[in-house]
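See structure below.
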Amino acid sequence: MDKHLQNKTPVDRLFASIATRYDFLNHFLSLGVDFYWRRRLVQSIGPFPGMRVLDLACGTYDVGLALVNKEARIRVMGVDYTFQMLVAGKKKLSKVGRKICPLQGDGRFLPFKDNSFDVVSIAFGIRNINPREKAYKEILRVLKPGGRFFILEFGSGRQRIWKGLYNFYLTKILPLIGGFFSQDRPAYEYLARTVKEFPLASDLARELKLAGFGKIDYFPLTSGIVYIHKGEKLASG
Ligand SMILES: C[S@@+](CC[C@H](N)C(=O)[O-])C[C@H]1O[C@@H](n2cnc3c(N)ncnc32)[C@H](O)[C@@H]1O
């Protein structure tokens with residue numbers, strides 16, 4: 001792990017401060033629906049024996065674990081910017097041996113050769129990366145031709161869901177509960193703010209196309225609270 005990357009940016013400091021309570025709060029605040037969202041992501045990816053996956057912004061490895069539990073004969077590289085998140089999830093890795101390899105790194109500067117991965121996934125991470133275009137460029141570089149990129153992310157909080165009930169929960173209730181349990185209310189205000197500012201699903205799809213991905217597709221889950229987007233590195237690209 002590269003110590004020089006430790007807690008240098010506000011995003012990094014934020015995730016470091018909630019790392020040990022991240023899993024509990026994630027499942028609690030989503031009422032456990034996040035397991036279903038990741039399951040749907042894995043279903044979309046369709047892991048096959050020998051597949052090489054880069055799970056970017058892997059946090060405490062929940063995507064990697066869900067993938068390996070579905071198909072044991074894959075290799076997952078789990079990359080995250082925040083050292084403390086990787087450490088917080090470390091216990092969970094003991095069940096899967098070396099199938100998931102953790103690495104501290106930045107999605108905007110990936111330490112991998114060109115054309116290395118069949119799939120790059122990012123769950124609830126792209127919202128935190130700025131500028132996203134830098135990460136897209138790197139993802140395209142490390143994907144094999146024909147390789148696929150999957151984003152699991154909240155839909156834009158500007159979209160009214162369940163007659164505004166969800167939006168009220170997101171902006172008013174979630175920071176209160178998250179703040180209470182994590183003792184870090186700004187972290188959960190940040191979550192609500194970034195979801196609110198995040199592009200609409202159709203705009204994110206356009207953004208992926210502009211970045212150079214092809215065969216773009218997306219669909220909502222749980223009334224559009226989250227979306228899964230997919231893009232491909234075209235063989236000719
Ligand atoms: C909300 S968590 C998501 C974790 C995990 N993917 C999940 O599904 O629970 C967002 C993660 O993005 C990471 N992150 C933020 N900026 C990053 C960057 N530039 N490169 C890599 N990871 C980053 C944070 O450290 C944090 O662990």
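The values are calculated or read from the model by the stated rules, or taken from the named source; none is laboratory data. None of the values given here were measured: they were computed from a predicted structure. A quick note on method: Cβ atoms are made from the backbone with ideal geometry, for glycine too, and the neighbour counts reach across all protein chains shown. All accessible areas refer to the heavy atoms of the entire protein, side chains included, with ligands and DNA or RNA removed. Shrake-Rupley method; radii C 1.70, N 1.55, O 1.52, S 1.80 Å.
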Cα pair distances exceeding 16 angstrom across the range 31-84, given as percent: 39
Cα-based Rg and Dmax for the range 1-119, where Dmax is the largest Cα-Cα distance (Å): 14.2, 39
message: In Å², and per residue, what accessible area does the chain have when probed at 1.4 Å with the other protein chains present?
response: 49
- prompt: For the chain, modelled as a GNM with alpha-carbon contacts under 10 angstrom, which of V76, V33, V68 fluctuates the most?
  reply: V33
query: Between C58 and residues 5 or more places away or on another chain, which pairs have amide H atoms under 5 Å apart, with H built 1.01 Å from N, and which residues are they?
result: V79, D80
field: With every protein chain in place, the chain: carbon and sulfur % of accessible area (1.4 Å)
entry: 58
- prompt: Do you know the relative contact order of the range 1-93, to the nearest whole percent, from alpha carbon pairs under 8 angstrom that are 6+ apart?
  reply: 34
- request: Would you calculate, for the chain, the mean residue ellipticity at 222 nm contributed by helices, counting each DSSP H stretch of 4 or more residues as -39,500 (n - 2.57) and dividing by all residues, to the nearest 500?
  value: -11500 deg cm²/dmol
- line: Ignoring trypsin sites (Lys or Arg not before Pro) buried by more than 12 other Cβ within 10 Å or outside DSSP loops, the longest site-free run in the chain is 161-237
query: For the range 42-177, what Kirkwood radius comes out of the mean inverse Cα-Cα distance, in Å?
result: 15.9
message: Need one word for the range 67-141: rounded, prolate or oblate. Basis is the Cα gyration tensor (sqrt eigenvalues a ≥ b ≥ c); a/c below 1.5 gives rounded, then a/b vs b/c decides.
response: oblate
message: How large is log10 of I(q)/I(0) for the chain at q = 0.08, 0.17 Å⁻¹ when the intensity is taken from the Debye formula with one equal scatterer per alpha-carbon?
response: -0.27, -1.37
